[in-house]
Amino acid sequence: MNMTTAPPAVTRQDTPWHALPEEAVLDHLNTTIQGLSTEEAHHRLETYGYNVLPASKPPTLIQIILHQIASPLIYILIAAGTVAVLLQDYKDAAFIFGVIVLNAGIGAAQEWRAEKSAHSLQKLVRTQARLRRDGHFAIVPAEELVPGDIVQLETGDRVPADLRLLEVHSLAIDESFLTGESIAAQKRCDLLPEATIVSERANLAFASAIVTHGRALGVVIATGSATEVGRIAHAITSEVAGKAPLVLRMEKFARQIGVIILLIAVVLGLILLAQGVEIGDVFLIVVAMAVSAIPEGLPVALTVVLSIATQRMSRRNVIVRHLNTVESLGSCTLIASDKTGTLTVNQQTVRQIVTPDGARYTVTGEGYQPNGEIKAASHADQPLTMEELEHLRQIAIVGVMCNAAEIREEAGTWEHQGDAMDVALLFFSHKLGFPPQQVLNNHERLAEIPFSSDKRFAAVAFET
């Protein structure tokens, strides 16, 4: 296949992809189900650019240093230090400028480290995409996707770009970041009315969403800033950030202290002149008073306190780019949300088991960790009997065998992929003393019917 004509430069807002038949979508993008050629993909990459979200340009070291000085109180200190130099009071001048340099140095060092850490995180989150090129499946960096690429999705994948789904097999995608719904959206290939809102476009998969179940094949309809999440990122990066509460209070304090010192200096000057003091001496006395009244140590004290708080946040794996952000977080008095699902860690846990004979068992432990134990409600202070353990083992085997999720331990940290309920069942088996992989190794899977929204069940046949 050798295509040389790129699709028209359209965006998702211009074309109702969800309302077009699959053939019309492929024709509109000048592609086929076999995907683009490598040559054509490179040509479109030059036309559309890399599949990356818009982001504000990271500040340089000079900009970070200047940011530390951009404060009304620092301006007053600079003015006071300059006057001290003109008066040849070099000791006070050296102290004032030393305070300014120390304050800027501490703040700049902290923010520079935060910027480097944030940049390192960006490198870690780069993903790969499984697509068709030249009629064959290949894996390429998600940044190199272009409109018209045919992409394959599987359980655990992050959707690399906005896709129009062409083939769907029990596909469920977590789109909570976009729609606010904590329950995974069930996807299909049916045509939808053109007026369908974004959250109900079931035949589209949106960039950055997570495939929780199933697999699919789709064609890229938008990349980078043209995607739905790209529009959100553009809106965020283009907005001018408001001032932190601490900055507002410092600006107010600097204005107040400046006005007060100026009034006192004027009154003192008039009194001295009325007493017959030479105007030159009056000027020196008034300026010396004004310089001594400036709280030189306040900026450094604030910077040190905020820096300590930032270090405490970093120990909790939170990167704080600007020192004032710590105080802004502390100033929050109310957090309002209309979705409970967005406030949870989205981790299901098996907490109780009820058997047909009425027996009840409680499972301890939180989240996606194998730590915990199973206790019988009838004798919680005693270990499970062999009969009870065998009964629970049969339940665990069913939960592991009829399961599309995966868990694994890497460097002491547990990683997981798949539906939250499936993952919870795997950790339940672990808590019971039967690692999922051991169960899978001991029982051969003979046949499987994957879950679908139509059948509303999943089934598996295995050899006992």
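At-a-glance table
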read-out: Residue in segment 99-118 that is closer than 25 Å to Thr47 by Cβ, modelled with pLDDT of 80 or more and over 26 Å from the mean Cα position of the chain (by Cα) present; value: no
read-out: Scan of segment 210-237 for residues that are aliphatic (A, V, I, L, M), open to solvent by less than 10 Å² (accessible area, probe 1.4 Å) and touching a Lys or Arg at 6+ places or on another chain (Cβ under 7 Å), ordered by number; value: Ala216, Val219, Ile221, Ala222
read-out: First in segment 196-209 and under 9 Å from Thr179 (Cβ atoms), second anywhere and part of a loop (DSSP other than H, G, I, E, B) and open to solvent by 40 Å² or more (accessible area, probe 1.4 Å), Cβ under 9 Å, 6 or more apart; value: Ser199/Glu181
read-out: Whichever residue in segment 57-73 is exposed (fewer than 15 other Cβ atoms within 10 Å of the Cβ) and within 15 Å of Trp112 (Cα to Cα) and, among such residues, is modelled with the highest pLDDT; value: Ile62
read-out: Tabulated pairs, segment 361-376, first more than 21 Å from Glu387 (Cβ to Cβ), second surrounded by 19 or more Cβ atoms within 10 Å (Cβ to Cβ) and among the aliphatic types (A, V, I, L, M), C-beta under 7 angstrom, 6+ apart or interchain; value: Tyr368/Val423; Gly372/Val363
read-out: Members of segment 158-187 that are hydrophobic (A, V, I, L, M, F, W, C), under 26 Å from Asp27 (Cα atoms) and open to solvent by 30 Å² or more (accessible area, probe 1.4 Å); value: Val168
read-out: Failed condition for Asp190, given (1) touching a residue at least 60 places away in the same chain (Cβ under 8 Å); (2) over 25 Å from the mean Cα position of the chain (by Cα); (3) surrounded by fewer than 22 Cβ atoms within 10 Å (Cβ to Cβ); value: (1)
read-out: Residue list for segment 332-354, filter: open to solvent by less than 80 Å² (accessible area, probe 1.4 Å), at pLDDT 85 or above and part of a loop (DSSP other than H, G, I, E, B); value: Thr349, Val350
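Rundown of residues vs (1) hydrophobic (A, V, I, L, M, F, W, C); (2) at pLDDT 90 or above; (3) more than 20 Å from Glu228 (Cα to Cα), yes/no style:
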position	(1), (2), (3)
Thr5	no, no, yes
Pro8	no, no, no
Trp17	yes, yes, no
Asn51	no, no, no
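The values are calculated or read from the model by the stated rules, or taken from the named source; none is laboratory data. Here the structure is a predicted model, which means the values were calculated and not measured. For neighbour counting, all protein chains shown are included, and Cβ atoms are generated from backbone atoms with ideal geometry for every residue, glycine included. The accessibility values were calculated without ligands, DNA or RNA, using every heavy atom of the protein model including side chains. Shrake-Rupley method; radii C 1.70, N 1.55, O 1.52, S 1.80 Å.
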